[in-house]
1. Taking Val69, is it in contact with a strand residue (DSSP E or B) (Cβ under 8 Å, 6 or more places away or on another chain) and surrounded by fewer than 20 Cβ atoms within 10 Å (Cβ to Cβ)?
2. Count, please, the residues in the range 67-88 that happen to be in a loop (DSSP other than H, G, I, E, B), away from the ligand (no atom under 11 Å from the Cβ) and among the acidic types (Asp, Glu).
3. Please list, ordered by first then second residue, the pairs with beta carbon atoms under 8 Å, 6 or more apart or interchain, first in the range 1-20 and without any contact (Cβ under 8 Å) to a residue 40 or more places away in the chain, second surrounded by fewer than 16 Cβ atoms within 10 Å (Cβ to Cβ) and not in a helix (DSSP H, G or I).
4. Sort through Glu2, Glu64 and tell me the only one that's more than 15 Å from the ligand (Cβ to nearest atom) and more than 16 Å from Ala112 (Cα to Cα).
5. Identify, by number, the condition in (1) in contact with a strand residue (DSSP E or B) (Cβ under 9 Å, 6 or more places away or on another chain); (2) outside the structural domain of Ile169 (by TED's automatic domain parsing); (3) away from the ligand (no atom under 12 Å from the Cβ) that Asp120 doesn't meet.
6. Quick check on my filter: what residues within the range 98-116 are in a strand (DSSP E or B) and either touching a Gly at 6+ places or on another chain (Cβ under 8 Å) or buried (at least 21 other Cβ atoms within 10 Å of the Cβ) (or both)?
7. Suppose we keep only residues that are more than 16 Å from the ligand (Cβ to nearest atom) and either of a type in the set (D, E, K, R) or surrounded by 13 or more Cβ atoms within 10 Å (Cβ to Cβ) (or both) within the range 42-61. Which one would you say is farthest from Asp212 (Cα to Cα)?
Amino acid sequence: MEDMKRAVAKEALKYVEDEMVIGLGTGSTTAYFIQFLGEKIQKGELEEVYGVPTSYQAKILAMEYGVPVVSLDQVDAIDIAVDGADEVDPNLNLIKGRGAALTMEKIIEYRAGTFVVLVDETKLVEYLCQKMPVPIEVIPAAWKAILEELNIFNAEAELRMGKKKDGPIVTENGNFIIDAKFPKIEDPLDMEIELNTIPGVVENGIFADIADIVLVGTKEGVKKMER
Ligand SMILES: O=C[C@H](O)[C@H](O)[C@H](O)COP(=O)(O)O
């Protein structure tokens with residue numbers, strides 16, 4: 001599994017050129033990309049490249065490996081964004097947010113000239129929500145009302161609890177996460193928009209029609225899916 005993650009991360013470097021502003025995703029797969037990117041910059045093989053992190057994890061890794069970091073409000077445009085995903089359907093719609101960074105990820109990746117997604121083959125599904133729930137970032141005061149509202153969609157939904165923290169996890173924006181397992185998402189774009197109309201929802205982890213390229217790590221090597 002780690003070999004597949006490393007392989008897709010290496011492949012993603014081929015899309016990076018001098019003077020690019022790069023959206024730096026969150027998660028274990030993108031961590032390799034940030035590492036390899038930093039190593040290339042340190043060797044002088046890439047120049048004038050800047051990273052816009054989607055989370056503290058991405059920022060800390062970028063600092064550790066020597067990728068110059070800038071914030072979204074310091075750049076005019078993002079040339080490319082690179083990030084992992086929890087599920088990818090045949091039309092390159094995604095579920096993201098296992099790491100609770102979905103809101104900043106979507107803000108940055110929506111704006112990227114090219115959005116490259118890095119996954120291993122276990123993330124490929126026939127339809128969204130086949131295996132993974134949709135993470136939904138919510139305003140803390142609204143969590144219970146939103147949980148109840150999700151019953152309309154027949155979702156099995158729960159508040160995400162901390163592992164090394166008592167009580168719910170708190171996102172980098174100061175919000176809670178609800179993980180909602182829907183029976184089957186027939187129309188990802190429709191569902192993405194509908195969930196965001198619920199008052200108190202900040203953003204949800206369906207990324208419909210955003211990914212341009214998906215690099216899939218398989219036992220036979222890296223495969224490319226493109227829209
Ligand atoms: O919030 C986290 C992100 O959406 C991650 O990019 C996603 O969960 C994939 O992470 P990983 O590469 O560790 O499977």
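The values are calculated or read from the model by the stated rules, or taken from the named source; none is laboratory data. Given the structure is predicted, the values throughout are model-derived calculations rather than measurements. Every residue, glycine as well, gets a Cβ built from its backbone with ideal geometry; the counts of neighbours run over all protein chains shown.
1. Details: in contact with a strand residue (DSSP E or B) (Cβ under 8 Å, 6 or more places away or on another chain): yes; surrounded by fewer than 20 Cβ atoms within 10 Å (Cβ to Cβ): yes.
Yes; evaluated as a whole, the condition is true for this residue.
2. Applying the first criterion (in a loop (DSSP other than H, G, I, E, B)) to the range 67-88 yields 67-68, 70-71, 75-77, 85-86.
Filter once more, keeping what is away from the ligand (no atom under 11 Å from the Cβ): 67-68, 70-71, 75-77.
Of the ones still in play, those that are also among the acidic types (Asp, Glu) are 76.
Residues in the range 67-88 being in a loop (DSSP other than H, G, I, E, B), away from the ligand (no atom under 11 Å from the Cβ) and among the acidic types (Asp, Glu): 1 in total.
3. Filtered contacts from the range 1-20: Asp18/Glu47; Asp18/Glu48; Glu19/Glu47; Glu19/Glu48.
4. Working: Glu2 fails: more than 15 Å from the ligand (Cβ to nearest atom).
Of the residues listed, the single one that is more than 15 Å from the ligand (Cβ to nearest atom) and more than 16 Å from Ala112 (Cα to Cα) is Glu64.
5. (3)
6. Let us first name the residues in the range 98-116 that are in a strand (DSSP E or B), namely 112-116.
Selection gives Ala112, Phe115, Val116.
7. If we filter the range 42-61 for residues that are more than 16 Å from the ligand (Cβ to nearest atom), which is where we start, we get 42-50.
Okay, now just the ones that are also either of a type in the set (D, E, K, R) or surrounded by 13 or more Cβ atoms within 10 Å (Cβ to Cβ) (or both), so 43, 45-50.
Details: Lys43: 29, Glu45: 25, Leu46: 23, Glu47: 25, Glu48: 24, Val49: 21, Tyr50: 21 Å.
The residue in question is Lys43.
Every residue, every condition in (1) touching a His at 6+ places or on another chain (Cβ under 9 Å); (2) modelled with pLDDT of 95 or more; (3) assigned to a loop (DSSP other than H, G, I, E, B); (4) under 17 Å from Glu126 (Cα atoms), yes or no:
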| residue | (1), (2), (3), (4) |
| --- | --- |
| Asp190 | no, yes, no, no |
| Ile193 | no, yes, no, no |
| Pro199 | no, yes, yes, no |
| Val202 | no, yes, no, no |
| Asp209 | no, yes, yes, yes |
